[in-house]
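Shown next, in structure tokens, is the structure this report addresses.
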Amino acid sequence: MDNRLVYWVWLTLCFPAGSRKMKKLLDEADPQGIYEDRDELQFSFLNEQELRRMQTISLGSAEKVLDDCRRLGVRIVTMEDELYPERFRELDDPPPVLYVQGDLSDLNDRLTIGIVGTRDITDYYKRCTGNISFQLARAGAVIISGCAVGCDEYGHRGAIRAGGRTVGVLACGFGINYPRETEAVRIQMVETGGALISELPPYTHHDRNYFRVRNRLIAALSEGVLVTQVPTRSGAILTADHAINQGKELFCLPPADIFSTECMGAATLIRDGAQVVFSARDILEVYLDRFGPEMDTGRIPTEDMIAAVGMRAASTPAPKAEKEPAPAETPARKEPAPLPDTLTGLQKKILVRLEQGPAHVADLLEEADVPSWELLAQMTELELMGLVRALSGQQYERM
């Protein structure tokens, strides 16, 4: 048993995540001292129920958490640790303990940009989110998000594809595969030098009330927060509120359709002063004075929004065909774009199948003979490269 860690973990088991009272206690004593004096505590900010929990929760419960962490390969980082993110110390309710997989080193000295938005992301915002994340990571920024399906996922994937780092703040404890759809990207994040963190003990299931608490950590870990597609009612608005309250810079993609409630949540933020973003450069220029030596803006493509991940921006016109068009009754079929050399065997197999026409994900799964999460991860990669497009009804087509 780690004599120091067990007391830190014990303290967090006595209070809900995000409780400010843990910081108040730690201002008075260290966790071991709090534990040893728990029967005599006289602090007015502690209520009867909290005192009772501190008296009844045993060190054995904390020891079990440490055993779970060893089994899962999870490191425990406390506020005493050098790896503890300095940005969290500025919170009124910092997490005393972080559960970590991956690398948090030098995070305190890097530009960190949070990316948040809806789970029900459209094709347009997939491209924008993936591209800007790619560009930011290529320039040296670390992408922060919440590992959710949708905007979070495309933010993480853009950074991974750029060879950059990305950190995910989980809405559950380690050992819980949530959400299942982003399992592949979470594995890649750790394998490529990024990290996953949670303030919840292992095997803690996600809870709707925790998302708000988790969102404060995404905002806190980020120097600035980019809001991509956000409906008029969305949890991403809560993250934006946390960023504003914490004094962070807030950036927004302009709404793609002013008649759609699915993306007009950004309008209110923009009216209130959020900076409109058209490329990664709009974000990076804000931080050049502070993080210039750590960044390499020369690695961003000159054509800001032409996708570095292989897609042409929607506003970029396609080259005119040199041949005369075929007669109307027999329209010419466009030849698919040449395949990049970096494609995996599975990706090539998928594209060959889609050249025959759109296919349902169930048919692709049957032909590929791989786990569903692996196929979906490959489809996301191909979407980022602009080689396939998701259709309604879980179908995909070749671009």
- Item | Members of segment 256-276 that are aliphatic (A, V, I, L, M) and part of a loop (DSSP other than H, G, I, E, B) | ALA256, ILE258, MET264, ALA274
- Query: Going by the conditions given, is GLN49 within 25 Å of CYS172 (Cβ to Cβ), polar (S, T, N, Q) and outside the structural domain of ILE187 (by TED's automatic domain parsing)?
  - Reply: yes
- Note on the structure: Taking segment 364-397 and the residues there that are of a type in the set (Gly, Ala, Ser) and in a helix (DSSP H, G or I), the one that is modelled with the lowest pLDDT would be SER372
- Does GLU63 fit the bill of being in contact (Cβ under 8 Å) with a residue 40 or more places away in the chain and surrounded by fewer than 16 Cβ atoms within 10 Å (Cβ to Cβ)? no
- Message: Within segment 225-235, does at least one residue satisfy the condition of being under 20 Å from ARG75 (Cβ atoms) and either in a helix (DSSP H, G or I) or of a type in the set (S, T, N, Q) (or both)?
- Response: no
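Taking the conditions exactly as written (in contact with a His (Cβ under 7 Å, 6 or more places away or on another chain) and assigned by TED's automatic domain parsing to the domain that holds VAL142), does VAL190 satisfy them or not?
Answer is no for this residue.
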- Right, ILE187: under 15 Å from the mean Cα position of the chain (by Cα), free of Cβ contacts under 8 Å to residues at least 12 places away in the same chain and not in a loop (DSSP other than H, G, I, E, B) or not? yes
- Please indicate, with yes or no, whether at least one residue in segment 312-333 is touching a helix residue (DSSP H, G or I) at 6+ places or on another chain (Cβ under 6 Å) and either at pLDDT 60 or above or hydrophobic (A, V, I, L, M, F, W, C) (or both). no
- Index of the failed condition, LEU51 passing every other in (1) of a type outside the set (S, T, N, Q); (2) out of contact with any Pro (no Cβ under 9 Å at 6 or more places or on another chain); (3) surrounded by 12 or more Cβ atoms within 10 Å (Cβ to Cβ); (4) in contact (Cβ under 8 Å) with a residue 40 or more places away in the chain: (4)
- Could you list all residues from segment 85-127 that are surrounded by fewer than 22 Cβ atoms within 10 Å (Cβ to Cβ), closer than 30 Å to LEU391 by Cβ and either among the polar types (S, T, N, Q) or free of Cβ contacts under 8 Å to residues at least 12 places away in the same chain (or both)? THR122
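The values are calculated or read from the model by the stated rules, or taken from the named source; none is laboratory data. In this text the structure is predicted, and so the values were computed from the model without any measurement. Backbone-built Cβ (ideal geometry, glycine too); neighbour counts: all protein chains shown.
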